[in-house]
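The values are calculated or read from the model by the stated rules, or taken from the named source; none is laboratory data. In this text, all values refer to a predicted model and were calculated from it rather than measured experimentally. Cβ coordinates were reconstructed from backbone atoms using ideal geometry, including for glycine residues, and neighbour counts include every protein chain displayed. Side chains included, ligands, DNA and RNA excluded: accessible areas come from the protein's heavy atoms. Shrake-Rupley method; radii C 1.70, N 1.55, O 1.52, S 1.80 Å.
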Amino acid sequence: MEYAALRDLIDFLERGTKIHICVAFLDHFGNRMTCCSNNQTIHDRPVCLAIKKQPNGLGSCYRCRMCVQRAVIRRRKPMAGYCTNGVYEYCRPILYEDRVVCVVFVGNILTEDPFQRRKLTCKVGEELLQTMEDSFSPEDCVRVADIIESYIIFLFGQYGVEKKTVDPLVE
């Protein structure tokens, strides 16, 4: 029996919501079933794209993501909070055989925190806030990450772990 690819599970979990799920595999680990589409490996929702187009926006976004990614890898524990622009995101390292193989990001969440909301509104305007999920709790983010984590571990157990020689971004 052929199981669903990780990209299909992500598409299903995002359906009917405005959340965004990204999976960043490390050291080229994965297999044919864990390959994700490009929009499932980067932040590409309208708010993030608008911020990246601003002066220093792309660099700021990239530095923020890499800082959080390094921290969750080093600590081997999830983190949640706001990016430098006020978007809420939950990040979790996924361990397989005691090695961090990827980091899952569940984001594009609009916060009720007035300070963060003002910061975001100043960056992108009120109309783009409608493209963000506004009814997703931190607990919902954890549950989505639980599902993604268990499925990645299942797929590794079922299909093995391959170390690719080509960087997924180049692919």
- Query: So how far apart, in nm, are the two label points at residue 140 and residue 77 if each is 7 Å from Cα heading toward Cβ?
  - Reply: 2.6
- Item | Share of carbon and sulfur in the accessible heavy-atom surface of the stretch 1-141 [1.4 Å probe, %] | 55
- Task: Please work out which option in (1) 47, 30, 28; (2) 55, 38, 32; (3) 72, 35, 25 gives Cα extents along the principal axes in Å calculated from these coordinates, and answer with its label.
- Result: (1)
- Would you tell me the accessible area of residue 25, worked out with a 1.4 angstrom probe on the heavy atoms of the protein chains, in Å² to the nearest 10? 40
- Query: For the residue pair residue 50 and residue 96, what label-to-label distance in nm results when each label sits 7 Å from Cα along the Cα-to-beta-carbon direction?
  - Reply: 3.7
- Query: On average, how much accessible surface per residue is there in the chain, in Å², for a 1.4 Å probe, leaving out ligands, DNA and RNA?
  - Reply: 54
- Query: Near residue 61, within a Cβ-to-Cβ distance under 12 Å, what is the net charge of the other residues, with Lys and Arg +1 and Asp and Glu -1?
  - Reply: +4
- Note on the structure: Within the chain, excluding any trypsin sites (Lys or Arg not before Pro) found in a DSSP loop (not H, G, I, E or B) and having at most 15 other Cβ atoms within 10 Å, the longest uninterrupted segment runs 77-163
